[in-house]
1. What single numbered condition from (1) loosely packed, with under 13 Cβ neighbours inside 10 Å; (2) on the phi < 0 side of the Ramachandran plot; (3) at pLDDT below 90 fails to hold for Asn119?
2. Restricting attention to segment 142-159, which residues are within 17 Å of the chain's Cα centre (by Cα) and within 12 Å of Phe132 (Cα to Cα)?
3. Could you please let me know if Asp64 is acidic (Asp, Glu), at pLDDT below 95, open to solvent by less than 80 Å² (accessible area, probe 1.4 Å) and over 23 Å from Lys171 (Cβ atoms)?
Amino acid sequence: MATWNSRGLRGSTLEEYVNRTNERYQAQGLALIQKIPTPITPVKMDKEHRQITLAYFEQRSTVDYIGAVQGIPVCFDAKECRTDTFPLHNIHEHQMNFMGQFEKQGGVSFLLIYYTVRNCLYYMRFSELWKFWERRASGGRKSVRFEELTPGFFMELKNGVFVPYLEMLQKDLELRPEENRDEGDVS
């Protein structure tokens, strides 16, 4: 069974930004997105600081966030990357399966990647992620180079903490085939 050993909260910066953004989107009536906790069972505790220092995961997680944006079901994962190369081993097969099934049910799946070294955000459409995933499965490159990303899906943090992913979701919807598109404006 997988274990978690506290080495600090990996990815916590992006998650905090996304959580604040989701609160703002909810307050504005634009979206209702929930963070999905990963259930863990504590094994060791630091009683002095009241912190879990070793635990095991009770089950595999699917994605970090799930919800609806003006009637459109969405699910996404938030990932941080310290270099210009995003390793695909950061995405697990069960997550790809979940996101693919979510898409088949009419939902929208995507990744939010925060390139900390560049201080920039990227919205990776599921179709783009799938292309890189298939390349890896065929014996190709096991990572995504920064230069391979679609230029129109980069974002900048607004006010230092706001992740404007609804703008990218709108672009994503506009690029989908007509039969899969909902005409509602999400931005």
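The values are calculated or read from the model by the stated rules, or taken from the named source; none is laboratory data. This is a predicted model, so every value here is computed, not measured. When we count neighbours, we look across all protein chains shown, and the Cβ atoms used for this are built from the backbone with ideal geometry, even at glycine. For the accessible areas, the whole protein counts, side chains as well, though only heavy atoms, and no ligand, DNA or RNA atoms are used. Shrake-Rupley method; radii C 1.70, N 1.55, O 1.52, S 1.80 Å.
1. The failed condition is (2).
2. Ser143, Val144, Leu149
3. no
Table: residues versus (1) within 16 Å of the chain's Cα centre (by Cα); (2) among the aliphatic types (A, V, I, L, M).
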site	(1), (2)
Val63	yes, yes
Gln70	no, no
Phe76	yes, no
Met99	yes, yes
Glu103	yes, no
Tyr114	yes, no
Arg125	yes, no
Glu134	no, no
